[in-house]
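A short write-up of the structure that comes next.
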Amino acid sequence: MSSPKSFSDQAIVIKRHNYAEADRIVTLFTLRRGKIAAIAKGVRKSISRKAPHIEPFSHTKLFFANTRGMPLITQAETLNSFPHIRDNLQSTRLAFHIIEVIDKLFPEEQSQPEVFKAIIKALTFLDSSNLTAESEQQQVVSHFHLSLLSQLGFGLPTKKDPDSLTNFIEEIIDRRLTARKHLT
């Protein structure tokens, strides 16, 4: 049985990098397919309508065309861009930390709808908490780590403070997280 020619899914944009003259390769964490990479043709052109919808940690609805290689993003619609996260440096750091942990912990195409919902919940809190104390924001990220580690079956570290959780995750992925600097 062949795969369908097209599909749609909700996604959180994890990262993106330039490809060819005007394209980008976008890493996404989707609701139904887990982590996938897709190509967005022409989004670096100033007239692109898709470009604003594929910014890091945006929650979007995407339409894809299956190709021989990576899926091709044909349409994009922002569901939530979490605009207030970018207003506060601490919120931005924590949001980048969340999506980096997802990127490093998950192999491609491993569906985890509960993790997807947990990411949305954490980003929503960070977006609405610009005036909230940094310690409360960090607690939300720590809770996200605990939930994620538990759902994935990695167990939990003996200490559950932010540094111990981050160290535990780094041991699992066998590398340091880039967004770790100034996390706490």
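Quick note: the coordinates plus some simple rules give every number you see, no bench work behind them. Fair warning: this is a prediction, and the values are worked out from it, not measured in the lab. Don't worry about glycine lacking a Cβ; one is built from the backbone with ideal geometry, like all the others, and counts go over all protein chains shown.
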> Based on the Cβ-Cβ distance from SER164 to MET70, what FRET efficiency comes out when R0 is 35 Å, to the nearest 0.05?
Replying inline: 0.40
> When all alpha-carbon pairs of segment 31-184 are counted, what percent fall beyond 24 Å?
Replying inline: 38 percent
> Once all Cα-Cα distances of segment 6-80 are split into 5 Å bins that start at 0, what whole-number percent is in each one?
Replying inline: 4, 18, 33, 29, 13, 3, 0
